[in-house]
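Colleague: Right, I'll just put the structure down here and ask away after.
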Amino acid sequence: MALRINNNIASLTAQRYLGKSDRAMGKSLERLSSGMRINRAADNPAGLVTSEKQRAQIAGLNQAIENSERGISMIQTAEAALTEVQSLLTKIRGLALDSANSAVNDANALAANQSEINDALASIDRIASTAQFGSKQLIDGTNENTVSVTDGSDSLHLTFTNSALATGTNNVTVSGFSAATYSVANASTVGISATPTTYGISGVKAGDHTLKVTQASSAAVLTGTVDITAAGIALATGDTLTVEASGTAAEALTVLVGDNGADDIDEWVTAWNNAIDASTNYSTTGAGGKTLLSAQKSGNTLVFSTAKTDNSASDEGSSASVTISAEVIVAAASLDEIGFAAGNRTATGTNAIVEFDNYANTVTSTGFDATTAITLSDVNGNTLSIQAGATGLNAGTAILTVAAARGNIALDNSSSVAFTAGVKTTLTDASGNTVNVLVGEGITAAGAEGITAVNNALVFQIGANQNQTVKIGLDSASIGQLGRNVTNSSNFASLSEIDASTSSGAQSTLALIDNAITKISTMRSSLGSFQSNTLESNLNNLRIASENMTAAESTLRDTDFAAEMAEFTKNQILVQAGMTVLSNAAQIPQSVMTLLR
């Protein structure tokens, strides 16, 4: 073997391995003392990149968890305020019901109820304006998404809720339209034409409704008589008798004396009724005319009447006022006047009272001919047009069954969806944003409307990455925005105008309050759904994601103490062995001295 004293290769080798073992043991000590496998980029460059991304994701997930928890707290705050608003609305409804019982309430009781209603309304407004989360207003309308018809025409009777549309303009189009229809059961009993030639319906909700005739109709009948033979005038064949109804000469009827002379009453009755039927102003059949007349025989007396004996020639409730005078032309030379006993007399019939869903309508005209439309209204001002039968309206109850209008509706150029008037439908734009639309039951034809959307929704960052957000709009709970667009007999525009100090006002108040209760309930439902199905569900997912991501990052970066301790022990032994070997290697050059002796 080669023996050298200038370079101890064995010692250098021992030093190299000793240094390597020492560095390895140092890393193990660092990992054991820090608990981290990666303490610097050199430890694992690729692992460092991955773990740093995971750390950022974990930090984002944890912040998203905190955001979701704070969002839940905000939603719960808003919902608590709405709960109190709903409690006050329920109280107001009870007071309105009490005021509607006008038979037992005097003016003082009604005024006391209205005073309490006003206090409750003021409390609702105060809650709406002061409900906050920190300094953030909640239900004052600041965070309300609005959608309105651009030109204000609203021919489709659209109502929008839960809008997530972006701020801007859109178009809504209705196609394939089928108008609302109705049928009436038990129609003939109450005297309603079962197959009307014309009818109309506006705003009446689909389903069954009652039409109850609580007061039957009767026509006004006025009868006047004249005894021709007692008139003292001798009439000859060819003489004429002229009668003016209501003193209107332009509507006078003239009858020639027949071959049998003036004392033939049968001939006069026939002549008069023929003349009445031929007239454009009078008729025994009720086909038209202003004052309806008929002639009858009673002994030697000629009887004139404003209605036929079957009561079918005049509108119910009409006031028949007839001035009858007879002018007799004798021999085409002299003019004599005969006064009728019916002159300047008035008779009044009975109007029909029809309750449309318990809301009374006074019917003053049917014509008793099944051609005159009758328009009935319910308590909310929705209307229905029917026709009466030839005998007028009779006491009894009929059932009106309404089938709502139907068709297809589309937002901009998105796919159309089927709708039923009065039922909520969800529309989606090209970006996936949605809005709920209700086509009103007053719609009468297909068409299109331009709409304007304003998005003021609250934005919640619920994810660890960019644009992982959700939105929710909070409508206003102020009394000026509750109970809007509710048709009522008192024309109240919102809860801010309700007045239950009268019976009709109390009924209108109930209509608005019921609408407001529904709106607040819907708002609470939307908040609850958003909290449960969006925030809380997302929160559960975030916690699982954070747990799993932390586990993945730990696998890359955290020290496995069992494995690292074994590695440290190995390196420690190697260092100790290396020190011994190095010591022995350092003695090798001394063997040269043996050769030099």
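Colleague: Quick one: putting +1 on the C-beta of Lys and Arg, -1 on the C-beta of Asp and Glu, what dipole do you get for segment 452-564 around its Cα centre, in Debye to the nearest 20?
Modeller: 480 debye
Colleague: What does the extension gain come out to for residue 182 and residue 55, with contour length at 0.36 nm per residue minus their alpha carbon separation?
Modeller: Net length gain for the segment: 39.1 nm.
Colleague: Once you put a point 7 Å from the Cα of residue 122 and another 7 Å from the Cα of residue 214, both along the Cβ direction, what distance in nm separates them?
Modeller: 3.7 nm
Colleague: Shifting gears a bit: Are there any trypsin sites (Lys or Arg not before Pro) in segment 38-68 that are in a DSSP loop and have at most 14 other Cβ atoms within 10 Å? List them by number.
Modeller: 40
Colleague: From a point 7 Å beyond the Cα of residue 36 in the direction of its Cβ, which residues of segment 539-560 have a backbone N at a distance under 18 Å?
Modeller: Those under the cut-off are 550-560.
Colleague: For segment 478-538 and segment 368-445, compute the distance between their C-alpha centroids and round to whole Å.
Modeller: Comparing the Cα centres of segment 478-538 and segment 368-445, I get a distance of 22 Å.
Colleague: Once amide H atoms are placed 1.01 Å from N in the peptide plane, what residues at a sequence separation of 5 or more from residue 193, or on another chain, have their amide H within under 5 Å of its amide H?
Modeller: It is 387, 388, 389, by chain and number.
Colleague: Among the listed pairs 205/424; 91/136; 91/519; 424/471, which have their C-alpha atoms separated by more than 18 angstrom in this model?
Modeller: 91/136; 424/471
Bear in mind these aren't lab numbers, they're just calculated from the coordinates by the rules spelled out. Quantities reported herein were computed from a predicted structural model and do not represent experimental measurements. No Cβ is skipped: glycine too gets one built from the backbone with ideal geometry, and neighbour counts run over all protein chains shown.
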